[in-house]
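Worksheet for the structure shown next.
The values are calculated or read from the model by the stated rules, or taken from the named source; none is laboratory data. Keep in mind that this is a model prediction, so the values were computed, not measured. Cβ: placed from backbone, ideal geometry, glycine included. Neighbour counts: every protein chain shown.
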Amino acid sequence: MSFLSVGVGCGWNRVRRACLILLCTGATLIAGDEPPEVVTADVVRRLSERLRERHPEVRALGHTATAERLNADGSRRWADPDVMLGGALYRYADMARENGDLYYGVEQRLPILGKERAARALAASNAVASGARLEARFAELRRDLAVSLFDAATARMAADLIAADVRWLEIQVRLGRSRVASGGDPASMVLRLENELDRRRLDWTNALARRVDGEIGVQRLLVGSGDPVGGFLLPPVAEAVPFGPVLVRFAERAEPEVLRREQDVGVASATVEVTRRSQRPDVAVGVQSYHESATGTAAQGMLTVTMSVPWFNRANYRRDLQRDRARLASVEASVEDARQAVRREVHRLVTQIDSARREAVLMRDVVLPRTRRLQESLEGLWTSGRVELRELLDTRRQRVEAEMSEVQATGEYWVAMSELLLCCGLEDLETVRELLAGGGSGIEGGTK
């Protein structure tokens with residue numbers, strides 16, 4: 001072996017050790033000293049409350065909802081009155097005494113044709129829509145948080161599996177070296193084990209980086225939180241969710257995007273009503289009084305009724321109404337499009353949940369037990385020299401692949417379950433069970 005190859009190899013080992021130290025340090029900074037916890041509905045709910053308090057987008061939408069609610073509460077039922085004050089100059093003094101040279105009055109527009117009521121209804125619709133947008137976005141962020149938690153748990157469990165495999169290979173390398181030193185086996189056997197060990201160490205380094213990135217992703221969603229989030233583990237897969245009309249019907253009425261668009265329909269309808277009533281005239285009553293400024297004697301009084309004349313712009317009002325009705329039709333069509341998308345999405349998610357569950361159960365209950373039994377048997381035979389290393393490594397590779405498949409399938413199961421819960425506007429799987437067991441009796445009562 002040349003000096004260059006030795007130097008390069010030693011340099012690579014130093015770089016690898018440095019990377020591992022940095023990754024372990026990053027994992028310690030994020031996870032702290034707390035042991036990992038299984039991701040449950042309570043964990044998601046607890047972290048979601050932190051997200052609601054600290055996430056800037058949720059806070060911005062909350063302020064917007066508050067502003068719209070205050071705007072609706074502050075909508076005027078009566079317009080502000082107009083107060084008039086003026087004077088007149090006359091050529092002759094007797095004209096001032098007769099007609100009065102100081103006048104004042106007040107005029108009040110009357111809310112008799114429904115314009116103010118329509119404006120208040122539009123403000124109330126905007127307030128409701130703003131609140132719906134806040135809750136819909138929070139539900140989406142809660143889904144993103146759950147998905148990030150399951151991704152972080154998947155990455156952690158995958159890294160732990162690779163670390164266990166690295167420890168197993170290290171034991172086999174030491175055993176192989178002792179057998180080569182005793183002259184019982186060729187050196188190529190140790191070479192194969194060392195190469196496999198170096199490859200798995202590289203896999204572990206990459207898996208640790210993915211684990212750190214997953215935990216940082218959870219921390220980013222909980223922006224502003226200085227508390228460590230800790231590590232997470234996947235729960236075992238639960239039962240399958242049957243696809244049926246009850247689930248689809250509930251998702252059509254509870255999916256956040258559908259709720260958002262339905263509230264937009266309310267705003268568009270209120271806008272159409274405001275535009276329709278804008279064609280009506282404004283009616284106001286007024287009182288005026290004239291006095292002589294020299295003596296303060298009342299000269300005359302006047303009662304007035306004024307009305308705007310909107311009929312000259314009738315064609316423009318008609319176009320405005322057609323415009324807003326077209327916008328209303330567009331929003332109504334978008335609601336139906338969102339419902340159809342929900343139907344397709346629910347079927348896809350239920351299929352994905354069922355597929356991932358079957359794979360996880362197969363690996364956990366069938367493939368892994370018999371593969372582990374065979375590997376344990378082959379380890380004893382290889383130690384006594386009655387079986388080749390290739391057969392042991394092939395069985396061990398099947399075990400590793402089965403373990404990774406179980407972890408990945410479990411992660412896919414819970415990620416798809418989080419998406420389904422978002423579509424149905426629910427928080428945990430237990431609510432889905434109650435919904436399906438009750439035949440959808442709670443659909444009319446709301447989504448929470």
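Laid out as a table, the results:
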| item | result |
| --- | --- |
| When residues of the stretch 276-295 are limited to those that are out of contact with any Lys or Arg (no Cβ under 8 Å at 6 or more places or on another chain) and surrounded by 15 or more Cβ atoms within 10 Å (Cβ to Cβ), the one farthest from residue 332 (Cα to Cα) | 291 |
| Residue 253 vs. criteria under 24 Å from the mean Cα position of the chain (by Cα), modelled with pLDDT of 90 or more and charged (D, E, K, R) | no |
| Conditions (1) surrounded by 19 or more Cβ atoms within 10 Å (Cβ to Cβ); (2) not in a helix (DSSP H, G or I): number failed by residue 387 | (1) |
| From 309, 305, 272, residue being among the hydrophobic types (A, V, I, L, M, F, W, C) and either surrounded by 12 or more Cβ atoms within 10 Å (Cβ to Cβ) or in contact with a helix residue (DSSP H, G or I) (Cβ under 6 Å, 6 or more places away or on another chain) (or both) | 272 |
| Failed condition for residue 209, given (1) farther than 30 Å from residue 338 by Cα; (2) surrounded by 19 or more Cβ atoms within 10 Å (Cβ to Cβ); (3) not hydroxyl-bearing (Ser, Thr, Tyr) | (2) |
| Residues of the stretch 81-101 satisfying the condition of being assigned to a loop (DSSP other than H, G, I, E, B) and modelled with pLDDT under 85 | 88, 89, 90, 91, 92, 100, 101 |
| Residue match in the stretch 316-328 (condition: touching a residue at least 60 places away in the same chain (Cβ under 8 Å) and part of a helix (DSSP H, G or I)) | yes |
| Single match in 117, 156 (criterion: part of a helix (DSSP H, G or I), among the basic types (Lys, Arg) and either out of contact with any Phe, Trp or Tyr (no Cβ under 7 Å at 6 or more places or on another chain) or at positive phi (or both)) | 117 |
| Which listed residue, of 282, 264, is modelled with pLDDT under 90 and not aliphatic (A, V, I, L, M) | 282 |
| Verdict on residue 104 being of a type in the set (Phe, Trp, Tyr) and assigned to a strand (DSSP E or B) | yes |
| Residues within the stretch 237-266 that are within 28 Å of residue 124 (Cβ to Cβ), of a type in the set (Val, Ile, Thr) and buried (at least 21 other Cβ atoms within 10 Å of the Cβ), tallied | 1 |
